[in-house]
Amino acid sequence: MNSDFIQRSYPIAELLFRDFWDICSHFQTIYPEYRHILYSIDGFDSVIILDEPNIAVVMKKIQNKESQIRRINARFFKSRGFQQDAFQICEIAFRPKQTDQKDYGLTFYADEIDPIRYYQFEEELFGKHSIGQTNEPLVEFGTPCELLAMVIDIRGFSLFCEQPNIESPYTCGLMSAFYDLIQKSLSRFPPNMIKFMGDGVLATWETNAHNREIAVNVALHSAMTLHQRWKHVRESPHFSHGVPEGTGVGISFGLASHLRIGNDYIGRPINIASRLCGACPSDRIYVDRAVPALPMHLRKEELGIIIKPYGRHHVWGYFFDDQKDDAKKARASEPHILRSPIRNT
């Protein structure tokens with residue numbers, strides 16, 4: 001039976017200790033292996049009970065004191081040698097609602113627990129207790145921030161995976177190698193968020209005047225060295241059925257918002273980076289002209305490209321130095337180059 005980490009919160013405003021005891025007993029009915037409990041009860045002025053296994057002692061100590069209870073905690077163990085199980089945490093706690101406090105209610109936490117049996121425990125919990133539920137959505141408008149966004153994906157990945165000899169374990173090996181090399185290339189200054197999206201990766205940095213240049217340099221260095229690192233993956237003996245050859249990279253910068261729910265970021269820089277990545281051929285990197293603090297020593301060209309739904313967009317094109325001569329000639333004749341190569345902004 002698989003075991004999972006489980007953490008839950010239930011907005012129960014009021015709960016007598018006997019009700020809490022019933023919940024703990026029901027948990028032990030569902031999970032008989034956790035047959036030992038240590039109770040701790042905090043009052044507003046002092047500790048009322050600390051690590052007490054005897055429920056009779058607990059009931060006597062709190063007699064006529066329930067109005068003084070600030071927090072109840074029950075820790076569950078599989079043996080009487082409580083310290084032996086200390087590395088495995090399983091506990092139920094309750095904090096009654098006081099005025100406008102937000103962190104009230106019943107909470108459950110366990111490192112290793114069977115989720116199927118927990119569903120049974122939770123089902124009766126909802127059936128016996130009035131748990132505050134609302135149809136109103138939780139609305140968070142996000143925290144405005146300055147954001148650097150980079151999107152990287154593998155060219156031709158979907159067609160590659162449709163080949164009859166490419167099975168899911170092989171695809172998993174390919175993607176794990178791709179994710180690993182991206183994470184390692186960003187380790188000098190890790191992004192605030194890195195999101196794996198199938199054959200693509202989104203990395204975002206919240207930036208300011210102090211770290212902006214560092215974030216830009218790390219993102220651009222990762223992008224510029226990606227083709228060489230991806231070449232090593234293609235040549236790896238692990239991938240005897242081949243690997244898609246190309247990658248695309250788009251980098252953008254601007255104002256966005258941090259969404260605490262899911263620790264996500266929303267905003268135009270991410271959309272632009274994704275569009276640039278989708279339009280980017282595998283021999284180059286597209287960087288939005290809005291990206292500041294670009295390194296002076298790297299050769300770039302000013303390009304005008306079409307991206308939906310924004311239309312014509314001006315970007316910097318960074319080209320890999322190890323391109324073959326014919327690729328360089330083809331690039332030189334492209335009609336969307338706006339002016340000659342330059343080395344600084």
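The values are calculated or read from the model by the stated rules, or taken from the named source; none is laboratory data. Quantities reported herein were computed from a predicted structural model and do not represent experimental measurements. Neighbour counts run over all protein chains shown; Cβ positions are idealised from the backbone, glycine included.
A few remarks follow.
- Residue count, the stretch 246-264 (criterion: within 9 Å of Leu147 (Cβ to Cβ) and surrounded by fewer than 24 Cβ atoms within 10 Å (Cβ to Cβ)): 4
- Listed by position, the helices (runs of 4 or more DSSP H) inside the stretch 147-266 whose residues that are under 17 Å from the mean Cα position of the chain (by Cα) number at least 3 are 168-185.
- Residue within the stretch 142-158 that is in contact (Cβ under 8 Å) with a residue 60 or more places away in the chain and surrounded by fewer than 10 Cβ atoms within 10 Å (Cβ to Cβ) present: no
- Qualifying residue in the stretch 127-136 (condition: assigned to a loop (DSSP other than H, G, I, E, B), modelled with pLDDT under 90 and hydrophobic (A, V, I, L, M, F, W, C)): yes
- For Thr107: the one exception among (1) closer than 30 Å to Arg275 by Cα; (2) in contact with a Ser or Thr (Cβ under 9 Å, 6 or more places away or on another chain): (1)
- Candidates Ile116, Ile92 - the one that is modelled with pLDDT of 90 or more, surrounded by 13 or more Cβ atoms within 10 Å (Cβ to Cβ) and of a type in the set (A, V, I, L, M): Ile92
- Remark: pairs (first residue in the stretch 38-61, touching a residue at least 24 places away in the same chain (Cβ under 8 Å); second residue part of a loop (DSSP other than H, G, I, E, B) and not hydroxyl-bearing (Ser, Thr, Tyr); Cβ separation under 6 Å; 6+ apart in sequence or on different chains) = Leu38/Pro53.
- For the stretch 181-212, the set of residues classified as over 15 Å from Gly250 (Cβ atoms) and aliphatic (A, V, I, L, M) consists of Leu181, Leu186, Met193, Ile194, Ala209, listed by residue number.
- Look at the stretch 294-314: where a residue is closer than 12 Å to Leu276 by Cα and a partner is basic (Lys, Arg) and part of a strand (DSSP E or B), sitting 6+ places away or on another chain with Cβ atoms under 7 Å, you get Gly304/Arg312; Ile306/Arg312.
- Those residues of the stretch 244-302 which are basic (Lys, Arg) and in contact with a Phe, Trp or Tyr (Cβ under 6 Å, 6 or more places away or on another chain), in sequence order: Arg284, Lys300
- Exactly one residue out of Asp103, Asp111 is under 30 Å from Lys78 (Cβ atoms) and in a strand (DSSP E or B): that is Asp111.
- Subset of the stretch 267-293 [in contact (Cβ under 8 Å) with a residue 60 or more places away in the chain and either assigned to a loop (DSSP other than H, G, I, E, B) or touching a Lys or Arg at 6+ places or on another chain (Cβ under 7 Å) (or both)]: Ser282, Val291, Pro292, Ala293
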